[in-house]
1. Rounding to the nearest 20 debye, state how big the charge dipole of segment 121-186 is about its Cα centre with +1 on each Lys and Arg Cβ and -1 on each Asp and Glu Cβ.
2. By how many nm would the segment from Glu81 to Gln263 lengthen if fully extended, with 0.36 nm per residue of separation less the alpha-carbon distance?
3. What relative contact order, as a whole-number percentage, does the chain give when Cα pairs under 8 Å and 6 or more residues apart are counted?
4. Provide the solvent-accessible area of Glu81, counting protein heavy atoms only and rolling a 1.4 Å probe, rounded to the nearest 10 Å².
5. Under 1.5 on a/c is rounded, so check that first for segment 167-254, then, if it is not, pick prolate when a/b is larger than b/c and oblate when it is not; a ≥ b ≥ c are the square roots of the alpha carbon gyration tensor eigenvalues.
6. Rounded, prolate or oblate: pick one for segment 195-241, where a ≥ b ≥ c are the square roots of the eigenvalues of its C-alpha gyration tensor, a/c under 1.5 means rounded, and failing that, prolate if a/b is larger than b/c, else oblate.
7. Taking H as built 1.01 Å from N, whose amide H comes closer than 5 Å to the amide H of Ser49, not counting residues under 5 places away?
8. State, to one decimal in nm, how far the label point of Glu167 lies from the label point of Asp70, with both points 7 Å from Cα in the Cβ direction.
Amino acid sequence: MSRPKYPEILKDYRRILTVQDISCVGQCSLTVALPILSACGLETCILPSAVLSTHTAGFTGYTFRDLSEDIPKIEEHWCREGIKFDAVYTGYLGSTGQIDMVKSIIHSCMKEGGVAIIDPAMADNGKLYPAFDLAYVEAMRSLVAEADILLPNLTEACFLVDEPTPETYSEEDIDRILEKLAALGAKKTVLTGISYRKGKTGVVIYDDGKTDYYEHKKIANGCHGTGDVYAAAFTGCFMRGMSLYNSAMVAADYVVKCIEYTQRDPSHFYGVKFEPLLPALMSELEP
Ligand code: PXL
């Protein structure tokens, strides 16, 4: 049977809002999410949380403008216009105070039955990003309570459940962390960067008490921004109607391809060259 052709393929045209910073240079946050979600065939609306000249990892002296002041006015306008979204997907936010604003947007601007996808985007490799502190982590716990799907890495998950990030761990340790995240309100979680054996890593897919694992190869010295590429690709697949597991798997395979491609150029230290691989991601979308 031949595959359906456009426009049937997009009969379920969906509108998504993503809330993250604009790092003008750095291949992360909105400069990654917008092209990936668009390539997945979704109408992608943006709410910039902050504007930075670059991201905060590997550059010094970057500029930072928190856009919190604008957010309530933007929300008010959208409410007046009756603008609603099929999903709200959040990433790196501008300040602790902004988290309540984002919760309000989820409540007022998401369609009934919409999907709240939360990437806590605050930490990696055992450490919080420079802009964040424990007050931010505490506020993020309240955003996790809104999540239909949570997309943390292990460090973020551990901060959220108030445990140190372990160097080594068992499946039981990971299950315990996932249960604690569920107790915070995350019904479904895709936990990235979980490695149970040498040379391999993978994602654990937690769905209302049931866990699954997708393992893939581990590439030494990953790149900055892979979490953002993963979250955007996952969200793109999921909002195109793919299952939680398949979305987690396709996004993981895409990130692996992007890292391999990026590492061909050792001078590219600040981000993931995800753009040339977009056709590969698009070809995996299920109609
Ligand atoms: O990739 C996460 C991210 C997003 N935005 C900004 C960052 C980082 C990670 O360092 O600094 C501004």
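The values are calculated or read from the model by the stated rules, or taken from the named source; none is laboratory data. Since we're looking at a predicted model, the values are computed, not measured. Here Cβ is always computed from backbone atoms with ideal geometry, including for glycine, and neighbour counts include all displayed protein chains. Surface accessibility is based on the protein's heavy atoms, side chains included, excluding ligands, DNA and RNA. Shrake-Rupley method; radii C 1.70, N 1.55, O 1.52, S 1.80 Å.
1. Dipole about the Cα centre, nearest 20: 200 debye.
2. Extending this stretch completely gives an extra 61.0 nm.
3. Values: 538 pairs, mean separation 49.0, N = 287.
Here the relative contact order equals 17 percent.
4. Spelled out: Glu81, probe radius 1.4 Å, area about 120 Å².
5. Working: a/c = 1.73, a/b = 1.02, b/c = 1.69.
Verdict is oblate for segment 167-254.
6. oblate
7. For Ser49, whose amide H was placed from the backbone, the distant partners under 5 Å are Gln20, Asp21, Ile22.
8. If labels sit at Glu167 and Asp70, their model points lie 4.5 nm apart.
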